[in-house]
Amino acid sequence: MEKILRKIKNKKAVIGVIGLGYVGLPLCEILLKKGFKVIGYDIDKKKINDLLKKKIYITNFNPVNIFKKINKEFLVRKVDHTVSELDFIILCVPTPLKNNVPDLSPLNNSMQSINKYLKQNQTLIIESSTYPGTTELLHQKYIKRKFDLGKNFFIGYSPEREDPGNKQFNISNTPKIVSGITKNCLKIVNFFYKTCVNRTHIVSSVEVAEFTKLYENTYRNINIALANEAKILSEKLNLNIFEIINAAKTKPFGFQAFYPGPGIGGHCIPVDPIYLSWLAKSKGVKTDFINLAAKINNSMPLWIIKIIKKKLNLNNKEFYKKKFLLIGAAYKKNVNDLRESPILKIINYFTKNKINFDYNDEFIKKIETKKFRSKFHSVKLSANLIKKYDIVILLTDHDYINSKLLLKNSKIIFDLRNFFKNKYKNVIGI
Ligand SMILES: NC(=O)c1ccc[n+]([C@@H]2O[C@H](COP(=O)([O-])OP(=O)(O)OC[C@H]3O[C@@H](n4cnc5c(N)ncnc54)[C@H](O)[C@@H]3O)[C@@H](O)[C@H]2O)c1
């Protein structure tokens, strides 16, 4: 074990990151910055080819070290024999839902692909968000028979808290929760992350670490649902919910601001609470908060449509004849992530009712999902183009959006993000 700690200290440890997405790739960047040699693995050939061509597929991410060190201290490839050269293997693969149930197949697939290359004295760390018990499950299934855990193989769980697009907090300045199955596992995992980030926070078991991650995102999900529910009420009372939240926010204790919007999206906030509620159900525990939050947040896109009809005093037939411009396809500002984004529900409604619409999102040039028969392409915003639409809906307030251009040329804008602060005659904030 001392040898492993020394390797970390001297930056001689070789780190393998499996899954080069929103979580894995920024992790590679920080590891390279700290002076480690890194091998990144992915099953997506396009991502590997992009990286080899120094092309980046994540918005607002500046991969200085990745580009400087690619093909030198940073190798990218499909899983192969090089796994046996690694000291650390970090899993950053997706943990999606399948039929509203946790789908651990990416974790299992990655474990199966690395399994034959595993060797003594390696450390395996899971960073994917998942329910308590998963790390132990992987240990029992793939490691236990081959190694003596805590003696010649080590396993830990350290959830990623990456917030894509966040300019203030990144991997380095966000405390890293660390855990290990045995004391030695914890010692190695903690020592490793202490060399990479400003601060680690040790918890007593991998299950606590797994639960903590899901709890953080469930907290966020429920508070967004509360903001959305308050928005529905404030709408009835003719009050502006953003003004209310911003006033509440002046209280220096006991209140944290969450904002309403067209719904929730991404790979974490809509998904992680279901991992927790699924586990709770299997243990005979009810999770009413989680279920209710999902119901409220999922209902928001169609509620928005209902309110727009009401505000404009249009019946369905009149509404269907209007021409719409949807601005912002990503689920949150300044990212190129379309997963679970509320725009998908709105497009579904529009296509079902044959409504004429275009969308603009400079980060998402095309929308193509199995659900829709046609592909949609982002339009380029210009005065002449904007004038063509009857109704503009601002779903996501990316920083590139030119407010003056929109204000000057839109007949009416429905602002779902308080982008225009309710100050203009042709803007309706909801
Ligand atoms: N995106 C976020 O903001 C965020 C934040 C914190 C935690 N997480 C969690 O981190 C995990 C990864 O999320 P992400 O957003 O980076 O996902 P992602 O889809 O952006 O990236 C995952 C990558 O893993 C690759 N992959 C899938 N199966 C593989 C396999 N068997 N072998 C090798 N590569 C494989 C995919 O091709 C993809 O490139 C999830 O559990 C997620 O919940 C995500």
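Read-outs: derived from the displayed coordinates by stated rules, not from any lab. Just so you know, these numbers come straight off a predicted model, no measurement behind them. So basically every Cβ, Gly included, is an ideal-geometry build from the backbone, and we count neighbours across all protein chains shown.
One decimal place: the segment Asn166-Leu97 gains 22.3 nm when fully extended, by the rule 0.36 nm per residue minus the C-alpha distance. Scanning residues 5 or more positions from Val17 or on other chains, those with amide H under 5 Å from its amide H are Ile39, Gly40, Tyr41, Ile90, with H placed 1.01 Å from N in the peptide plane. Take the alpha-carbon centre of segment 184-253, take the same for segment 36-58, and report the distance between them in whole Å. Computed from Cα coordinates, the inter-centre distance equals 30 Å. Within the shell defined by Cβ-Cβ distances under 13 Å, the residues around Pro106 carry a net charge of -3, with Lys and Arg each +1 and Asp and Glu each -1. The Cα-based radius of gyration and maximum Cα-Cα distance (Dmax) for segment 377-430 are 10.3, 31 Å.
The value of relative contact order for the chain, using C-alpha pairs under 8 Å at least six residues apart, is 11 percent. A simple count of charges around Glu229, restricted to other residues whose Cβ falls under 12 Å of its Cβ and scoring Lys, Arg +1 and Asp, Glu -1, yields +2.
Protection proxy ranking, highest mean first, for peptides 2-13, 294-305, 155-166, 17-28: 17-28, 155-166, 294-305, 2-13, where packing is the per-residue count of other beta-carbon atoms within 10 Å, averaged. When only alpha carbons are used to place a centre, segment 314-390 and segment 84-157 end up 39 Å from one another.
In this simple spin-label model, placing a label point 7 Å from the Cα along the Cα-to-Cβ direction at both Asn426 and Asn238 gives a separation of 2.5 nm. For Ile126, nonlocal amide neighbours, meaning residues 5 or more places apart or on other chains whose placed amide H falls under 5 Å from its own, are Leu91, Gly156, Tyr157, Ser158.
Placing unit charges on each Cβ (+1 for Lys and Arg, -1 for Asp and Glu) gives the chain a dipole about its Cα centre, and among Asn99, Gln168, Ile401 the Cα reaching farthest toward its positive end belongs to Ile401.
DSSP finds beta bridges in the chain, and of those with both partners inside it, around 10 percent are antiparallel. Apply the a/c threshold of 1.5 to the C-alpha gyration tensor of segment 1-155 and tell me whether it is rounded, prolate or oblate. Oblate shape, in that a/c is at least 1.5 and b/c is the bigger or equal ratio. In Å, the Kirkwood hydrodynamic radius of the chain over pairs of distinct alpha carbons? Here the Kirkwood hydrodynamic radius works out to 23.4 Å. Backbone phi angles across segment 340-353, fed through the Karplus curve with coefficients 6.51, -1.76 and 1.60 (θ = phi - 60°), yield HN-Hα couplings of 6, 5, x, 4, 5, 5, 5, 4, 4, 5, 5, 5, 4, 9 Hz in residue order; Gly and Pro are listed as x.
Simple point charges give the picture: +1 on the Cβ of Lys and Arg, -1 on the Cβ of Asp and Glu, and for the chain a dipole about the Cα centre of about 960 debye.
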